[in-house]
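J.: Can you read through this structure? Questions will come right after.
The values are calculated or read from the model by the stated rules, or taken from the named source; none is laboratory data. Being a predicted model, the structure only gives us computed values, none of them experimental. Every residue, glycine among them, receives a Cβ derived from its backbone with ideal geometry; neighbour counts consider all protein chains shown.
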Amino acid sequence: MPHAVALGSADPAAAIRTYTPEGVDRVIEVALLDTADLDTAVAATDAVIAACANHADHADRTEIPFWPPLFNNVTLRLLGSDGFPTEAGRQAARALTAAATEGALTVDVGDRHPLENIAKAHDRVDAGAGCW
């Protein structure tokens, strides 16, 4: 069953741990610098944190905690979209489309911007407004 925890709450790690007392097995991260402490606080032993993005103003470098993920044997995977085989991307697109069609996946896209305002949409995400 899915659960949602507001990152701005008083103690999001504790809230997440109420749903997963043993920790989270997989974290898909789109703002590694901003949530590295939270990610490592909720990571289970042998968890994988897969990061595919960082905020634009921190795109080149980030800091992550060292000892907590080390002692939990956490794997940090850095994923670049250019590094996936073409067929893997197609397979993922088919699977996501099927899940959305079946109602197993819903995506709240939040604010919509016309293509000519794409820079404004990126600025909104970079400012912390998120994309959902």
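J.: Of all residues in segment 80-103, which are outside any helix (DSSP H, G or I) and within 25 Å of ALA51 (Cβ to Cβ)? Lay out the reasoning, then the answer.
T.: Going residue by residue through segment 80-103, those that are outside any helix (DSSP H, G or I) are 80, 84-85, 103.
Scanning segment 80-103 gives GLY80, PHE84, PRO85.
J.: Mind listing just one residue for me: the one in segment 108-124 that is part of a loop (DSSP other than H, G, I, E, B) and surrounded by 10 or more Cβ atoms within 10 Å (Cβ to Cβ) and, of those, farthest from the chain's Cα centre (by Cα)?
T.: HIS113
J.: Of the conditions (1) in a loop (DSSP other than H, G, I, E, B); (2) within 23 Å of ARG124 (Cβ to Cβ); (3) modelled with pLDDT of 80 or more; (4) touching a helix residue (DSSP H, G or I) at 6+ places or on another chain (Cβ under 9 Å), GLY8 satisfies every one except a single condition; which number is it?
T.: (4)
J.: Any idea which residue in segment 11-47 is farthest from the chain's Cα centre (by Cα), counting only those that are under 29 Å from ASP60 (Cβ atoms) and assigned to a loop (DSSP other than H, G, I, E, B)?
T.: My answer is ALA31.
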